[in-house]
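Have a look at the structure below before the remarks.
The values are calculated or read from the model by the stated rules, or taken from the named source; none is laboratory data. This one's a predicted model, so the numbers in the text were calculated from it and none came from an experiment. Cβ placement follows ideal geometry from the backbone for every residue including glycine, while neighbour counts extend to all protein chains displayed.
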Amino acid sequence: MARYRGPRLKIIRRLGTPLPGLMRTDPDLRRPYGPGQHGPTKRAKLSDYALRLREKQKLRFHYGLSEAQLKRYVAKAFGSKGNPGLTLLTSLERRLDSVLFRAGFAPTINAARQMARHGHISINGRRVDIPSYSVQVGDLLVTHEKSKMKEAIAQNRQDPNNLALPGYLTPVDGSDQFKMAMVPAREDIPVIVNEQLIVEYYSGK
């Protein structure tokens, strides 16, 4: 399944929770129920499979991944030591597009992905144009010196609707540079999701 490019609010209403990486919305959605004629009154009980599928979809849409991309992250998490659910979340949070979004460089992860792909970001003095690049502890991120988006990025960083700066990012020399100070913790994940249900979803396949 390809990366989703359709109506964003429709997905947020269907899943019943804000997805800041997809679209910044007020937590109190104006219509906090599924879209369609029967959205306000439909109260069907979700099966165990549907519950797990919904949690997986939250993660996929928040980080803007295709199904194939998410499966690769899950396979890697299953092959690593420790809790696979937590490993999956931290791996996704360390993607370059996600880190740029959390630093306030872009209003959504999709916008951050485009920013990275067009080469507007440098890491440790080297231009990186791969949105899936895994940012490591100690890496220094800054707008590329030749980028034409410096002013736009500075304006984005002042947006009052930005999420709070996570604990794993530390501003350097003001706020135009950021250092990955530590591996993201569970409380740094901005989307409300039950990672254990996602592990169970893929374990049953």
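When each of N194, N110 is tested for being closer than 26 Å to F61 by Cα and either surrounded by fewer than 16 Cβ atoms within 10 Å (Cβ to Cβ) or touching a helix residue (DSSP H, G or I) at 6+ places or on another chain (Cβ under 6 Å) (or both), the lone residue that passes is N194.
Condition first: touching a Pro at 6+ places or on another chain (Cβ under 7 Å) and under 24 Å from K146 (Cβ atoms). Can you find one or more residues in segment 79-94 that meet it? Within segment 79-94 (the criterion being touching a Pro at 6+ places or on another chain (Cβ under 7 Å) and under 24 Å from K146 (Cβ atoms)), the answer is no, since none of the residues qualifies.
Of the listed requirements (1) touching a helix residue (DSSP H, G or I) at 6+ places or on another chain (Cβ under 6 Å); (2) in a loop (DSSP other than H, G, I, E, B), K148 misses just one: (1).
When each of R126, R102, R117 is tested for being of a type in the set (K, R) and closer than 17 Å to L59 by Cβ, the lone residue that passes is R102. Of all residues assigned to segment 36-58, none qualifies as being of a type in the set (G, A, S), over 30 Å from K146 (Cα atoms) and at pLDDT 95 or above. As for segment 145-152, it holds at least one residue that is among the hydrophobic types (A, V, I, L, M, F, W, C) and closer than 28 Å to Q69 by Cβ. With respect to being part of a helix (DSSP H, G or I) and within 12 Å of the chain's Cα centre (by Cα), R113 fits the description. Applying the condition of being touching a residue at least 24 places away in the same chain (Cβ under 8 Å) and in contact with a Lys or Arg (Cβ under 6 Å, 6 or more places away or on another chain) to segment 113-146 and asking which residue is surrounded by the most Cβ atoms within 10 Å (Cβ to Cβ) yields V135.
Among the residues here, G125 does not qualify as more than 26 Å from R5 (Cα to Cα) and either in contact with a helix residue (DSSP H, G or I) (Cβ under 8 Å, 6 or more places away or on another chain) or of a type in the set (K, R) (or both). Is segment 180-202 home to any residue that is over 18 Å from R95 (Cα atoms), of a type in the set (F, W, Y) and not in a loop (DSSP other than H, G, I, E, B)? Looking through segment 180-202, at least one residue is over 18 Å from R95 (Cα atoms), of a type in the set (F, W, Y) and not in a loop (DSSP other than H, G, I, E, B).
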